[in-house]
2 protein chains.
Amino acid sequence: MPRTNALSTDFRFEVHARCDDTRARTGTFHTPHGAVPTPAFMPVGTKATVKGLTPRQLRDTGTGFVLGNTYHLHLRPGEEAIRELGGLHRFMGWDGPILTDSGGFQVFSLAHLTRVREEGAELRSVVDGTVVRLTPETVVDIQRDLGADVIMAFDHCASDPLDREQVERATDRTHRWLERCVRRFDERDPVHGPQALFGIVQGGAFEDLRKRSVEAVCAHDLVGYAIGGVSVGEHEEAIEMAVEAATPLLPEDRPRYLMGVGTPRDFFRAVRAGVDMFDCVTPTRHGRNHQVYTSKGRMNVRNAAWARDDRPLDEDCSCEVCATFGRAYLRHLCHSGEILAGVLLSLHNVHFFQHLMQRMRDAIRAGTFNALASDYLERLQTKAPMDGSV
Amino acid sequence: MPRTNALSTDFRFEVHARCDDTRARTGTFHTPHGAVPTPAFMPVGTKATVKGLTPRQLRDTGTGFVLGNTYHLHLRPGEEAIRELGGLHRFMGWDGPILTDSGGFQVFSLAHLTRVREEGAELRSVVDGTVVRLTPETVVDIQRDLGADVIMAFDHCASDPLDREQVERATDRTHRWLERCVRRFDERDPVHGPQALFGIVQGGAFEDLRKRSVEAVCAHDLVGYAIGGVSVGEHEEAIEMAVEAATPLLPEDRPRYLMGVGTPRDFFRAVRAGVDMFDCVTPTRHGRNHQVYTSKGRMNVRNAAWARDDRPLDEDCSCEVCATFGRAYLRHLCHSGEILAGVLLSLHNVHFFQHLMQRMRDAIRAGTFNALASDYLERLQTKAPMDGSV
């Protein structure tokens, strides 16, 4: 049995309940750093920090997995430093599970700084302009040094998901790169402790390519599978197609991770289709930009409407921020350019996302997921936007 | 009995222990928002936030009093907004005691934007350039609206503490302004709850003027007395003279507050002379600039020496930061420009200051203050600076 096999004492995935009339499910993903209930949202800690939040604050939001970025950590402080310092968990003071991406998305998003060939990708460092070479092998090696619980295969996202020829080339390359990642993963012992490798499905905006990619990726018996090549700001229809094409073909007994998504609306659609894990920068990035999520929609905290308003951001929210501060104060922090504005609004947003996941898990268990989803999506559609909503 | 009298059920000051061979004392200052052990350090929350720290984090450092700035809060969000929102405690989510300064220091530090006359001071707003008028009466009114437990009289710091004629004029004016503050304070009912007014001693660099000022200020029976006109970066000798001239003449049964000071070294000297309260921006400002205080001296966290060092900032420190993170990680956050760097280093520094105060209180009680002081000051003087110390 190859090391990459899913069923081990270190990594187990149990499905506890399914929704009768959708593919939604709730379960537990067991890792060496703890068990995470699914559907799960993973805040993004690009440079080994979820921007502005301490590990304690993060834990209080209900966060299980935290995501780190291989490309950024490779540039600074470098995987050697982190290996020597005991691995990413110890380095960033997070004793819960960590997932590192592979840098494939950075190759895509920094396309103007990148050259991709069969061997791998060359990027210009955003830190000092030097050339960084990422190959399936180096990406596995770096992630071994970092020591996250879940590490991602190196994938190639086509720069234009609508250009069929380009997508087909990138998707086929992703499959060949996965083979190389699996081989490297099996050859090299972990540095810090057991790790699981996830493969990534590509296929751009083409349903048949998406299905073909699921087949190729699932030829490898992996702990989990990710749907890649969809990202923040993507059209909802494109995300939905990618998810709907993949989930029916992905194995029932493995976690499914939709990369880089997204918003509450996206979560409902993807969970309904059977997705278990999400990551996105939205809660922290929007928090720093003074935008928050509430049960009534998004809200611009800078808005003049809140100048004398002492209600919490969200009257249905139980986070520390909503329990302590009124809108007028938070608006004051935003207008005063205070660090604490970004910290508190990020904290609220991450809590909001985690609480939403918990509501989804509860609803799936109770057989009321569809009702929750329609109620939630309808509310977002029909409610007049709040003053200052974006 | 005038309202400004110190001895009331709302404000009490008890001295528990004195040091035999110095004037150091430890006590408790009781306020409507709780009792604070003295000597006490008050972190500065200029714009109704101690930069980067949540009230919970602040409480965990052992902070009792927090300081807010009348001038800044008058400009934004304005005292009317804060009054309407229930006062400063509720606004900023801090249920411990608060002290607001009077704006006198801003008149001094923004001297290029200021004109001072007998009636009061005119400043240009740092927010929008409009003219702001502060008089002893408006300063009391603003602080009534803000609702801090302790409010400060409006004082005039001479712009050059070495120009005797100028200092004499400013000090005499401070005394006339104090009369007007006391009158206004007694005329106006508090808006949110009981408040105490502190007077401020001036006198620049002149011992006789300092003593004369103590006499004039202590002619008013106030809850507490402050020593003003010394500030961050001032020569140690100037601070020592101002303190030594004042404390023997200040009433034994009232708290004494040395404004805007300072560093651990300053604290030892001032406590030895009988000072009970301090405020300073150093721990948060230095934290944001990646400098920390440790039991071995100051340390520059950006220094290359820490790149692979997983020891805590201070091996003798019990704060959350030192319990969780190594120097290499904190250095990484600094170099990556992460918000969390400033947050964590401020948190450590405020904890360090509060812990130092606690050690002083314990030592005064145990009769070992002199030993603690010599040990501490000697260590700072004789230890070779740590790599990266400033």
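None of the figures in this text is laboratory data; all of them are computed from the coordinates on show. Keep in mind that this is a model prediction, so the values were computed, not measured. Here the Cβ positions follow ideal geometry from the backbone for every residue, glycine too, while neighbour counts run over all protein chains shown.
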Fill in: Equivalent ellipsoid dimensions for region B:17-157 as semi-axes, Å, which come from the Cα gyration tensor, largest first
28, 19, 13
Worksheet entry | Hz values of 3J(HN,Hα) by residue in region B:280-296 - Karplus curve (6.51, -1.76, 1.60), Gly and Pro given as x | 6, 7, 3, x, 7, 5, 5, x, 5, 8, 6, 10, 10, 8, 9, 5, 10
Worksheet entry | Ranked list, fewest to most other Cβ atoms within 10 Å of each Cβ, for A:Cys319, A:Cys157 | A:Cys319, A:Cys157
Worksheet item: When the Cα centres of region A:254-279 and region B:14-47 are compared, how far apart do they sit, in Å?
Response: 54 Å
Discussion item. For a quick check of your reading of the filter: which trypsin sites (Lys or Arg not before Pro) in region B:34-135 sit in a DSSP loop and have no more than 14 other Cβ atoms within 10 Å?
Written reply: B:Arg117
Worksheet item: Fewest first, what order do B:His335, A:His351 take by the number of other Cβ atoms within 10 Å?
Response: B:His335, A:His351
Practice prompt. Calculate the mean, over all residues of peptide B:337-345, of how many other protein chain Cβ atoms lie within 10 angstrom of the residue's Cβ.
Written response: 5
Item to complete: Report, in whole Å, the centroid distance computed from the Cα atoms of region B:133-198 and region A:99-154.
Response: 61 Å
Discussion item. Using the Cα centre of region B:12-281 as the reference point, and only Cβ charges (+1 on K/R, -1 on D/E), how large is the resulting charge dipole? Debye, rounded to the nearest 20.
Written reply: 500 debye
Worksheet entry | Exercise: per-residue mean of other protein chain Cβ atoms within 10 Å, B:321-331 | 4
Discussion item. Given bins 10 angstrom wide, list per bin the percent of all Cα-Cα distances in region B:308-349, short to long.
Written reply: 33, 59, 8
Worksheet item: Could you list log10 I(q)/I(0) for region A:109-176 at q = 0.17 Å⁻¹, which the Debye formula gives when each Cα is one point scatterer?
Response: -0.70
Discussion item. Please list, ordered by chain and number, the residues whose modelled amide H lies under 5 Å from the amide H of B:Ala226; skip anything fewer than 5 residues away on the same chain.
Written reply: B:Gly199, B:Ile200, B:Val201, B:Tyr257
Item to complete: Please report, in whole Å, how far the alpha carbons of region B:287-382 spread along each principal axis, starting with the longest.
Response: 46, 25, 20
Worksheet entry | Estimated vicinal HN-Hα couplings, Hz - region B:121-127 in sequence order (Karplus 6.51, -1.76, 1.60; Gly, Pro = x) | 10, 10, 10, 8, 4, 6, 7
Worksheet item: Ratio of Rg to Rh for chain A, alpha carbon only, Kirkwood?
Response: 0.96
Item to complete: At most 12 other Cβ atoms within 10 Å and a DSSP loop assignment: could you name the GluC sites (Glu not before Pro) in region A:315-361 that fit?
Response: A:Glu315
Worksheet, complete the sentence: Cβ density ranking, 10 Å radius, fewest first, applied to A:Thr54, A:Thr138 yields A:Thr138, A:Thr54
Worksheet item: Cα centroid distance between region B:323-367 and region A:331-352, in Å?
Response: 22 Å
Worksheet, complete the sentence: Cα extents of the protein assembly as shown along the principal axes, largest first, in whole Å, come to 90, 61, 43
Item to complete: Starting from the amide H of B:Val36, placed 1.01 Å from N in the peptide plane, find each other amide H under 5 Å away whose residue is 5 or more places distant or on another chain.
Response: B:Phe29, B:His30, B:Thr31
Worksheet item: So what are the ³J(HN,Hα) numbers for region B:16-30, from phi and the Karplus equation (6.51, -1.76, 1.60; θ = phi - 60°), rounded to whole Hz, Gly and Pro as x?
Response: 8, 8, 10, 8, 4, 9, 9, 9, 4, 9, 10, x, 9, 9, 8
Item to complete: Would you mind checking which residues have amide H under 5 Å from A:Asp279's amide H? H placed 1.01 Å from N; only 5 or more apart, or other chain.
Response: A:Met42, A:Gly260, A:Val261
